[in-house]
Amino acid sequence: MMEPQQEDALELLSHVVRAERARLVAVAKREGLAEEDAFDCVQDAFCTFLQCALRAELPAKDSQEAYLVGIVRNAARNKRRRHHLSRPHEALGDVASDAALDDQLARAEEHVRLRGCVERLCDTQRAVVTLRLLEERDGEDVASALGITRGYVDVLLHRARGSLAACMLAH
């Protein structure tokens with residue numbers, strides 16, 4: 001069962017994502033990022049926001065929007081600096097349709113929710129999910145890396161998948 005603070009943090013994030021995602025993508029694009037990089041910055045900002053909410057370190061409710069805009073703007077500027085990108089000129093034909101934008105934003109929102117759910121798994125389950133699913137290592141390799149049996153890796157992965165599915169359905 002989820003702790004009330006975690007449930008509140010995911011509910012807050014879900015509300016903020018729906019209300020602010022398009023505006024935050026526009027902020028990142030104004031900073032000179034291409035659409036895909038802008039989505040990445042917004043997704044990273046949502047992850048940072050979720051982590052701060054889980055640690056109860058968010059600013060007051062009336063300044064949370066400005067906080068998110070600042071995170072996105074700084075992430076966009078840092079991305080440009082790291083990759084030595086100048087602001088691109090936006091051609092009229094490069095503007096994505098609203099339907100495509102909504103689809104990409106919905107997938108990004110789902111990814112952020114999934115990352116939040118993975119963060120709530122116990123350490124061993126999170127390690128198994130990371131090694132087995134994200135790094136695509138085989139079960140024997142994961143078992144030896146974690147010092148557990150192959151069967152226990154399978155059990156942990158099965159339980160983690162169930163927990164992740166329940167978490168995603170709850171939000």
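The values are calculated or read from the model by the stated rules, or taken from the named source; none is laboratory data. These numbers come from a predicted model, not from an experiment. Here the Cβ is made from the backbone with ideal geometry for all residues, glycine too, and neighbour counts use every protein chain on show.
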- Do we have Ala127 as surrounded by 15 or more Cβ atoms within 10 Å (Cβ to Cβ), modelled with pLDDT of 90 or more and within 22 Å of the chain's Cα centre (by Cα) here? yes
- Query: What is the number of the single condition among (1) in a helix (DSSP H, G or I); (2) at pLDDT below 80; (3) over 29 Å from Leu169 (Cβ atoms) that Ala26 does not meet?
  - Reply: (2)
- So which of Leu101, Leu164 is at pLDDT below 90 and surrounded by 14 or more Cβ atoms within 10 Å (Cβ to Cβ)? Leu101
- Residues of region 133-154 being surrounded by fewer than 14 Cβ atoms within 10 Å (Cβ to Cβ) and of a type in the set (Val, Ile, Thr), which ones? Thr149
